[in-house]
Ligand code: ADP
């Protein structure tokens with residue numbers, strides 16, 4: 001039914017067609033939001049109503065930024081202005097995984113595709129939004145993102161690393177236990193021969209314990225070592241992708257998520273995969289810390305730091321860090337979680353230090369904890 005061949009029935013027919021089109025679009029489960037060149041919503045499909053919790057009548061004429069979390073919320077007008085002034089396409093026709101904000105303030109990961117349509121009165125932009133929390137494609141996208149996160153020759157995730165360390169450590173630790181038990185039994189009957197044997201068992205036990213220590217060091221170095229590539233990357237992009245990945249976890253849906261990234265300190269010179277691992281771990285820790293809180297707030301901010309560095313801060317409103325953990329926070333095997341390996345932060349420390357930065361934690365303004373880490377700025381002028 002090519003439009004060009006359709007008989008023209010005047011204004012009424014055009015209106016009818018528009019109505020039909022709207023009805024058709026309303027049957028699509030994904031959301032469609034159409035805006036004009038100043039960002040005002042001119043159409044909001046039924047799918048969008050279901051996804052965001054607003055009715056179309058409430059939103060017509062409103063700025064589309066209400067559907068976005070910070071910083072897109074504040075910056076969307078300037079994105080649009082930039083495109084209209086320069087024609088440079090950052091999202092139109094490209095699409096990306098990003099986050100959106102529902103009426104109740106909760107954020108969720110979406111796949112966003114934006115198209116431009118030239119109408120007689122000027123261009124309009126149509127956004128097609130798929131909710132990744134419910135999408136069947138979630139698995140596939142998650143898989144793709146995780147693949148991106150892990151270069152093939154390297155550890156695929158913190159989880160895999162934890163498992164492999166647990167596996168490798170099991171052997172020397174079992175040996176230590178066996179030698180010590182043998183020594184204890186030999187000491188029960190302290191003949192000269194038995195004492196000599198007990199001494200030998202203890203020597204062997206000490207060697208195994210050292211081996212266990214070496215395994216930890218080797219694996220930690222492995223994460224931060226050699227094949228890393230340093231590139232100029234946008235911190236905003238790294239944060240967005242990591243956020244989408246974190247928010248895919250069902251248990252964290254009701255979290256108020258805010259990012260406040262300094263656009264003047266956006267470019268960093270890092271291995272993007274490693275920085276995403278750091279972010280992922282810190283954000284997951286924050287969300288785990290807030291699991292039982294009635295209100296969950298997670299904020300990611302960045303600012304220009306001294307001497308060519310950018311500081312990234314991740315804050316939560318959780319219970320704060322347990323005093324017994326604080327002094328040893330970045331050491332391996334420190335954990336207060338039932339199933340925690342206590343390796344995440346020690347790996348973060350290794351990565352950040354190997355990239356020339358620092359990592360530390362302090363009480364946050366939100367009432368919980370803020371983790372800060374610094375990265376080399378990609379802005380060469382600032383590096384002086
Ligand atoms: P794991 O998550 O396996 O326990 P980590 O090294 O990532 O290992 O974290 C070590 C410990 O630090 C955690 O068990 C927890 O007690 C504490 N911790 C980390 N992040 C936070 C946070 N945001 N709020 C409170 N405690 C935290």
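The values are calculated or read from the model by the stated rules, or taken from the named source; none is laboratory data. A quick note: this is a predicted structure, and the numbers were derived from the prediction, not measured. Cβ sites come from the backbone with ideal geometry, for glycine too, and all protein chains shown count toward neighbours.
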Original post:
Considering only helices (runs of 4 or more DSSP H) fully contained in region 247-366, which possess at least 3 residues that are away from the ligand (no atom under 12 Å from the Cβ) and in contact with a helix residue (DSSP H, G or I) (Cβ under 7 Å, 6 or more places away or on another chain)?
Top reply: 272-289, 344-354
Original post:
Any idea which of (1) surrounded by 17 or more Cβ atoms within 10 Å (Cβ to Cβ); (2) farther than 30 Å from residue 333 by Cβ; (3) modelled with pLDDT of 85 or more is the one residue 135 doesn't satisfy?
Top reply: (3)
Original post:
Of everything in region 367-384 that's assigned to a loop (DSSP other than H, G, I, E, B) and buried (at least 17 other Cβ atoms within 10 Å of the Cβ), which residue is modelled with the highest pLDDT?
Top reply: 368
Original post:
Can we say residue 197 is modelled with pLDDT of 90 or more and either touching a helix residue (DSSP H, G or I) at 6+ places or on another chain (Cβ under 7 Å) or surrounded by 12 or more Cβ atoms within 10 Å (Cβ to Cβ) (or both)?
Top reply: yes
**OP:** Please verify whether region 270-291 includes one or more residues that are surrounded by fewer than 19 Cβ atoms within 10 Å (Cβ to Cβ) and more than 24 Å from residue 240 (Cα to Cα).
**Re:** no
